[in-house]
Amino acid sequence: MEEVTVEMEAQTRQSVGPIIFKKSNCPVTLKFEDVVYKIKSKTGGFLKKSKSEEKIILKGVTGMVLPGEILAMLGPSGSGKTTLLTALGGRLAGHLEGNITYNGKPFSSTMKRNVGFVTQDDVLYPHLTVTETFVYTALLRLPNSLSKEEKMIITEALITQLGLSQCRDSIVGNPFMGGVSGGERKRVSIGQEVIINPSILLLDEPTSGLDSTTAQRIVSTLWELANGGRTIVMTIHQPSSRLFYMFHKVLLLSEGNPLYYGKGLNAMDYFSGIQFAPTVAMNPSDFLLDLANGVSTGDSREDQTSIKRTLVCAYKANLAQSVKAELELDVNFCEGTEDKNVKKWTTSWWEQFSVLLRRGLKERKHESFSGLKIVEILAVTVITGLLWWQSDISHLQDQVGLLYFYSEFWGYVPFFNAVFTFPQERMMLEKELS
Ligand SMILES: Nc1ncnc2c1ncn2[C@@H]1O[C@H](COP(=O)(O)OP(=O)(O)OP(=O)(O)O)[C@@H](O)[C@H]1O
């Protein structure tokens with residue numbers, strides 16, 4: 001256990017400084033073979049008798065991503081992209097069939113440390129600045145053998161590398177209070193995962209809701225991270241053609257079925273080869289999404305179900321074999337990813353407590369010391385004070401009543417404030433625990 005921790009620390013130490021994002025600590029080859037995921041869903045309402053139905057979300061998906069590659073998963077909404085991504089990140093609850101390996105080994109606690117997962121929704125504290133967000137993440141997630149100065153150097157390097165220098169002192173914000181832009185927020189979320197220098201980076205729609213230039217900037221950052229020997233998998237809805245050709249591999253899903261897996265460059269040729277060529281010049285990802293929805297020529301009379309079925313059969317006939325053959329290729333795995341019993345947390349309980357306390361105070365002070373709260377407290381104090389203003393000793397019972405009111409008021413106000421923080425903190429807790 002000691003050995004692994006020391007090894008990880010040494011690797012992190014080596015990579016301190018601006019070169020931190022140039023090289024992955026231990027490149028990982030990710031393979032997934034015949035991944036099938038089923039869930040049992042209940043149908044029926046309040047009055048109807050509920051029936052349990054089995055739903056197959058992933059229907060035998062296969063692929064491989066090498067270090068230095070970006071795999072983009074495309075498909076219409078509900079096609080199973082997020083489910084597959086979650087499975088690859090070792091976070092999918094329930095029964096999963098098929099094989100997912102990381103350098104030939106199943107998911108393990110060591111690998112968990114090596115995987116960065118960027119969720120679709122950015123879970124960030126709105127009142128912290130970009131720098132503060134990274135500093136607290138560094139203090140929490142980097143091993144405590146690194147000094148505070150070293151952690152700060154890593155933070156600085158991260159901010160520069162992600163192109164966030166101009167907004168380093170801006171608050172992250174949220175839709176109600178402004179803050180950094182959507183693209184910058186996404187880069188902050190990516191940075192929080194990249195800070196531990198993961199070998200695998202999984203991103204759920206990192207470009208959704210962003211204009212094509214900002215999306216391009218984010219994919220360029222991912223491209224640079226991949227060049228450092230990282231394995232990157234992302235889901236994406238409708239990339240521009242410029243982005244589409246930046247991906248090393250593309251996986252097209254439709255209702256859990258793979259329709260295409262391979263180089264983005266070859267996708268159009270493949271579909272033309274099976275008689276599905278676009279009638280007009282169009283963005284390849286738009287065309288692929290149309291196909292995944294069962295739309296080929298745009299004619300309203302075409303049978304979408306049969307088009308999807310044809311494409312699934314074509315995949316099985318033309319690509320399935322070669323994709324599986326690719327998995328057999330021998331890849332030189334990096335040493336050091338053995339499943340040893342590594343410590344769950346990189347920092348001690350006390351360090352975590354003190355960082356979380358400082359972060360909590362910084363985030364919450366805006367709420368607790370907001371003008372509205374202060375006015376509310378002052379108003380209650382003044383009004384109740386005035387009610388008993390100059391009351392004499394004959395009104396002792398009233399004065400006792402006032403004291404009782406004050407003690408209740410000052411007891412309940414902080415109590416309710418504390419209770420209401422739990423739902424707000426839950427998302428952050430889930431993110432940081434996973
Ligand atoms: N726990 C669950 N219970 C019921 N249905 C589920 C569950 N998880 C996923 N699904 C269903 O599986 C299908 C695939 O979901 P998934 O989130 O993977 O799709 P997606 O391709 O990522 O969609 P989007 O692009 O909209 O995020 C959807 O129809 C979804 O409703």
Under 5 Å from the placed amide H of Thr231, counting only residues 5+ away or on other chains, we find Val28, Gly68, Ile200, Leu201
Identify which of Val194, Val65, Val280 has the largest mean-square fluctuation in a Gaussian network model of the chain, with springs joining Cα atoms closer than 10 Å. Val280
With the chain treated as a Gaussian network of Cα nodes joined by springs under 10 Å, which of Ser407, Ser147, Ser77 yields the largest mean-square fluctuation? Ser407
Suppose we keep just the DSSP beta bridges with both residues in the chain; what percent of those would be antiparallel, to 5? 60
Taking Cα pairs under 8 Å and at least six residues apart, what relative contact order does the chain come out at, in percent? 23
Nearest-ten-degree value, helix 130-141 long axis tilted from longest Cα axis of the chain: 80
Determine the alpha carbon to alpha carbon distance for each of Lys31/Lys316; Lys31/Lys105; Lys81/Lys308; Lys249/Lys431; Lys112/Lys324; Lys55/Lys308 and list only those over 20 Å. Lys249/Lys431; Lys112/Lys324
Could you work out how much longer the chain between Asn283 and Leu265 gets when fully extended? Use 0.36 nm per residue separation minus the Cα distance between them, nm to one decimal. 5.3 nm
Label point distance in nm, Glu54-Trp388, each placed 7 Å from Cα along Cα→Cβ: 7.0
Residue-by-residue Karplus 3J(HN,Hα) for the stretch 175-186, coefficients 6.51, -1.76, 1.60, Hz, glycine and proline x: x, 8, 10, x, x, 5, 6, x, x, 5, 4, 5
Test of understanding: in a Gaussian network model of the chain with alpha carbons linked when under 10 Å, which of Leu202, Leu92, Leu329 would top the mean-square fluctuation ranking? Leu329
Calculated on alpha-carbon atoms, Rg and Dmax of the chain in Å: 26.8, 100
Mean separation of Cα pairs under 8 Å and 6+ residues apart, divided by the residue count of the stretch 141-256: what relative contact order is that in percent? 22
Amide H neighbours of Ser254 at under 5 Å, excluding residues fewer than 5 places away on the same chain, with H built from the backbone geometry, are Leu259
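Rule-based calculations on the coordinates, nothing more; no lab input. Source: prediction; values computed, not measured. Note that we place each Cβ from the backbone using ideal geometry, even for glycine, and neighbour counts take in every protein chain shown.
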